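Each value in this text was obtained by applying a stated rule to the coordinates, not by laboratory testing. A quick note: this is a predicted structure, and the numbers were derived from the prediction, not measured. As a convention, Cβ positions derive from the backbone with ideal geometry for all residues, glycine included, and neighbour counts pool all protein chains shown.
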Amino acid sequence: MTLPKFKRILLKLSGEVLMGNQPFGIDTDFVASLAAEVKAAKDTGLELCLVIGGGNIFRGMAGAAKGMDRAQADYMGMLATVMNALAMQSALEKLGVDTRVQSAVQMDAVCEPVIRRRAERHLEKGRVVIFAAGVGAPYFTTDSGAALRAAEMQCDALLKGTSVDGVYNADPKQDPAARRYDVIDYDTVLADNLKVMDASAVALCRDNNIPIVVFSIREKGNLARVLAGEGTQTTVRKDI
Ligand code: UDP
């Protein structure tokens, strides 16, 4: 499916893609290759906001399952997203891409707080803005953070770069007959409980009419292909 030409997008990367082929943490070589993809997208003239998850380091639910207080564990997860944001900032700046990190949990010595109007100015100046710490509250995820920032920054689309190449009607790892959707509407995603993003993130995109494009970021060059309408992806939008 050909995508409309976007002017400003929010790219959400799951934390797990930063692991590369490692079982945990940050693979700096792989982050460098992701940064090159981001730079290539930006060089086409796009304004780019980034949100990176934290699942490669810490997920609140995992901590809670081991007996930690959930909110406490979630704050640790948010800190993990800040570490990933800084890793991506470093990789982008090595490639000469100006960036700013804005965190929803204030950390003055490390990065800026989230200030929408300032973020707007950064984008105007051609900087990539990396939003860290999700929405800044426990019991949320970075998917919701991505949907929130896409809405407030008035992005034309939310691109979710993950390990699978779209949205399937069943788990493709478990069911060889699973079928990928090219396009699907928000309400079907929610009603069928399809694993795209959290329900709250999907609902926020639906209510603000922000298309969600789900694609695999693991294949080299895929972000550019998807943006050129040549890649494999699923678009979640209204009126299909
Ligand atoms: N988190 C949170 N509030 C937010 C965003 C993130 O509490 O607004 C915590 C939560 O514990 C989550 C962790 O940070 O599990 C890492 O984020 P996420 O699971 O969304 O990362 P991803 O799955 O995208 O790697």
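A Cβ-based charge dipole, computed about the Cα centre of the chain with Lys and Arg at +1 and Asp and Glu at -1, lands at about 360 debye.
Note: relative contact order over the stretch 8-237, using C-alpha pairs below 8 Å and six or more positions apart, is 21 percent. Dividing the Cα radius of gyration of the chain by 2.2 N^0.38 Å, with N the residue count, gives 0.94. A Gaussian network model of the chain, with springs between Cα atoms under 10 Å, assigns the largest mean-square fluctuation among Y75, Y139, Y186 to Y139. Going down the table (K195/K220; K12/K125; K42/K66), which pairs top 29 Å between alpha carbons? Cα-Cα > 29 Å for K42/K66; rest within.
Measuring r between the beta carbons of M107 and S33 and using R0 = 45 Å, the FRET efficiency lands at 0.95. Quick check: residue separation of A40 and E219 times 0.36 nm, minus the Cα distance between them. What number comes out in nm? Contour length minus Cα-Cα distance gives 63.0 nm. Farthest toward the positive end of the dipole of the stretch 8-237, out of L223, T141, A35, is the Cα of A35, where the dipole comes from beta carbon charges about the Cα centre. Beta bridges from DSSP with both residues in the chain: antiparallel share about 15 percent, rounded to the nearest 5. Taken along its principal axes, the alpha carbon cloud of the stretch 7-121 reaches lengths of 47, 35, 25 Å, longest axis first. Computed about its Cα centre, the charge dipole of the stretch 169-240 is approximately 300 debye, with only Lys, Arg, Asp and Glu carrying charge at their Cβ.
Stretching D182 away from K125 to a fully extended chain increases their span by 17.1 nm, per 0.36 nm per residue minus the current alpha-carbon distance.
If I take R0 = 22 Å and measure r between the Cβ atoms of K5 and R116 in this structure, what FRET efficiency does the formula 1/(1 + (r/R0)^6) give, to the nearest 0.05?
E(calc), rounded to 0.05, equals 0.35.
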